[in-house]
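See below for the structure under consideration.
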Amino acid sequence: MKLLVTGGAGFIGSNFIHYMLHHFPHYTVINLDNLTYAGNLMNLYPVQDYSNYRFVKADICDEQTVQRLFADGIDIVVHFAAESHVDRSIKQPEIFVQTNVVGTQVLLEAARMHGVKKFIQVSTDEVYGSLGPEGLFTEESPLAPNSPYSASKASADLMVRAYHETFGLPVNITRCSNNYGPYQFPEKLIPFMIAQALKNQPFPVYGDGLHIRDWLHVEDHCQALSLVIHQGKDGEIYNIGGQSERTSLEVVEKIASKMNRPASSIRYVADRPGHDRRYGIDASKIRNTLGWQPEYSFEKGLDATVDWYLNHIEWLESTRSTESGRFFAEHYGNL
Ligand code: NAD
Ligand code: DAU
C-alpha cells in the first residue's frame, strides 16, 4: 500500500506518519510538503531514514510535480496540507484560498486521472460555524463557516464532494475538533501558552475566555483516520471529536497550574473578529460504524503534552523562525 500524505511535516500530518509507519510497517509513505513556517522536518527525524518513507518538498498547487508523483502509483491520499491558523487567515486570506481550495483541486484532479483507491480530505469542525450553549455538530449540520480559514476548508470539502458525485472518486471527508499533542506549532492555544510559561511571559486570552472547544489528543485523531482509510464507506463524512469541551480559560488555567505560573499571568486581550463561541462534536457515527474509541482523557493528554514540550525545548526553539517571530510581535504587540 502506497500512501501519499500531504502536509506531513506539520503537526497532525507528522503524528499521522509516525502512527502509520508504527502500525503498518509494510506500507510506503510519501510525504509531500513545501515546508511553510508550520512545516518542520525535525518532526520526522525518528523515521527519516526508513526505507519505506520518502520526503518530497513541493507545493500541492504545483500541478506538474503533483502529476509526476501520482504517475509513480499512489493507492491512498491523506490530505492534511493547509494553511491552518484562524488568526493568520484574518490577516492574509488569499493564501488560504490558494493552498486550501486550489491546492485541494490540483490533488483531486491528479487522484482522478490516476485512479487512486481512496482520497481522504482531512477537514475541520469549523466548517459548521458556531454552536449556542446546546446541541452538537452532526454530519448533517449545515456548513456555516465564519472565518476565511473555515470558509476555505468548507470550499475544499465541497470540491471533494463534487469529485465523488461527478467522477466517482472514492473519497471520505473527516471533520475533527481541536487537536493537541506533540509537534504542534506554538501559535495554537496549548503550545503557545506552554511556550509563554517557559519564557515567564503572560497568557493572552481572547475576549472573555469563555469560548469552548472540544479537545482531542492527536493520536486519537490518527487512529480515527486509520479506521476511515481502511473501513470508511466511499462518499461518507465522519465527524471526529473528544467529548472534552473546555473553555479557553479552563485550558489556560490548567497549563498555568501545571507549570507553576500564577493566575495573575492571564491577560484578557481584544477578541478575535468573528470568534466562534462553541464547537461540540457528535462523533456517534464513527464510533458506531467504525468502532472508534478515543484513548486519552483531556487531563491525561494535557499532562502528557506539557511534559512532551518540557522535554523537547530544542524543538520549540526550532519553530522560532524570523517569519513567525514577526507574526507574534505584530499580533501580541499590545501585551
Ligand atoms: P499545520 O499548520 O501544523 O501543518 C500544515 C502543513 O501543511 C505544514 O507542514 C505545511 O508546510 C504544509 N503546507 C502548507 N501549505 C502547503 C502547500 N501549498 N503545499 C504543500 N504543503 C503545504 O496544520 P495541522 O494543525 O497539522 O492541520 C493539518 C490539517 O488538519 C489541516 O488541513 C487542518 O485544516 C486540519 N485540522 C486541524 C485541526 C487542528 O486542531 N490542528 C483540527 C481539525 C482539522
Ligand atoms: O476546531 C478545529 C480547528 O482548531 C482547526 O481546524 C484549526 O486548524 C485549529 O487552528 C483550531 O482552531 P481554533 O481557532 O479553535 O484554535 P486556536 O488554538 O487558534 O484557538 C483555540 C481557542 O483559544 C480559541 O477560542 C481562541 C483562543 N485563544 C487562542 C490563542 C492562540 C486565546 O484565547 N488566546 C490565544 O493566544
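Could you compute the FRET efficiency for L210 and E165, with r as their C-beta to C-beta distance and R0 at 45 Å, rounded to 0.05? Computed FRET efficiency for L210 and E165: 0.70. When every Cα-Cα distance of segment 174-264 is counted in 5 angstrom steps from zero, the calculated P(r) takes the values 3, 13, 20, 20, 17, 10, 8, 5, 3, 1, 0 percent.
Between V171 and F119, G235, the built amide H atoms are under 5 Å apart, and every one of these is 5 or more places off in sequence or on another chain. One equal scatterer on each Cα of segment 22-120, no solvent, Debye formula: the resulting log10 I(q)/I(0) at q = 0.23, 0.24, 0.25 Å⁻¹ is -1.31, -1.37, -1.41. Charge dipole of segment 217-289 (Cα centre as origin; +1 on each Lys and Arg Cβ, -1 on each Asp and Glu Cβ, all else neutral): 300 debye, rounded to the nearest 20.
Select from S123, L107, P145 the residue farthest towards the positive end of the dipole of segment 91-158; place +1 on Cβ of Lys and Arg, -1 on Cβ of Asp and Glu, and compute about the Cα centre. Farthest towards the positive pole: L107. Note on the chain: the C-alpha convex hull projects to 15.6 nm² when averaged across all orientations. Protection proxy ranking, highest mean first, for peptides 201-209, 29-37: 29-37, 201-209, where packing is the per-residue count of other beta-carbon atoms within 10 Å, averaged.
With the helix formula -39500 (n - 2.57) applied to DSSP H stretches of n ≥ 4, the chain reaches a computed 222 nm mean residue ellipticity of -12000 deg cm²/dmol. In the context of the full protein assembly, I17 retains an accessible surface of approximately 0 Å², using a probe radius of 1.4 Å and ignoring ligands and nucleic acids. Using 0.36 nm per residue and subtracting the Cα-Cα separation, the extra length available between K57 and S297 on full extension is 82.8 nm. Using Cβ point charges alone (K and R +1, D and E -1), the dipole size of segment 181-238 about the Cα centre works out to roughly 240 debye. By accessible area, using a 1.4 Å probe on protein heavy atoms only, the chain has 50% of its surface on carbon and sulfur.
So with the 1.4 Å probe, I'd like the accessible area per residue for the chain, rounded to whole Å².
About 41 Å² of surface per residue is accessible.
Solvent-accessible surface (1.4 Å probe) assigned to W215 amounts to roughly 20 Å². Applied to segment 286-294, the Karplus parametrisation 6.51 cos²θ - 1.76 cosθ + 1.60 on θ = phi - 60° returns per-residue 3J(HN,Hα) values of 5, 5, 7, 8, 10, x, 6, 8, x Hz, with x for Gly and Pro. For the chain, the membrane-span-like helix rule (DSSP H, alpha carbon extent of at least 27 Å along the helix axis, mean Kyte-Doolittle at least -1.0) picks out 148-167; this says nothing about an actual membrane.
Straight-line cross-link partners of K199 among the aspartates and glutamates, defined as a Cα under 12 Å from its Cα and at least 8 positions apart when in the same chain: E317. Looking at the chain alone, DSSP beta bridges between its own residues are antiparallel in about 10 percent of cases. Work from the charge dipole of the chain (Cβ charges, +1 for Lys and Arg, -1 for Asp and Glu, about the Cα centre) and give the residue of P93, Y27, L290 farthest towards its positive end. Result: Y27. Using all pairs of distinct alpha-carbon atoms, the Kirkwood hydrodynamic radius of segment 93-195 works out to 15.1 angstrom. Cross-link pairs exceeding 29 Å in C-alpha to C-alpha distance, out of K118/K153; K91/K118; K2/K57, comprise K91/K118. When the Cα positions of F167, W215, N52 are compared along the charge dipole of the chain, N52 comes out farthest toward the positive end, with charges on each C-beta of Lys, Arg, Asp and Glu. Rg then Dmax, both in Å and based on the Cα atoms of segment 249-296: 17.0, 46. Computed over segment 147-222, the range of Cα coordinates on each principal axis works out to 54, 27, 18 Å, biggest value leading. The Cα atoms of segment 63-149 give a gyration tensor whose axes a ≥ b ≥ c have a/c of 1.5 or more with a/b no greater than b/c, which makes the shape oblate. Bridging of K188 to aspartates and glutamates at a Cα separation below 12 Å is possible for D87, once same-chain residues fewer than 8 apart are set aside. Counting only Cβ charges, +1 for Lys and Arg and -1 for Asp and Glu, the dipole size of the chain around its Cα centre is about 240 debye.
The values are calculated or read from the model by the stated rules, or taken from the named source; none is laboratory data. Just so it is clear, the structure is predicted and the values come from calculations on it, not from any experiment. Methodologically, a virtual Cβ is constructed for each residue, glycine included, from the backbone with ideal geometry; neighbour enumeration extends over all protein chains shown. Heads up: the accessible areas ignore ligands, DNA and RNA and are worked out on the full protein's heavy atoms, side chains in. Shrake-Rupley method; radii C 1.70, N 1.55, O 1.52, S 1.80 Å.
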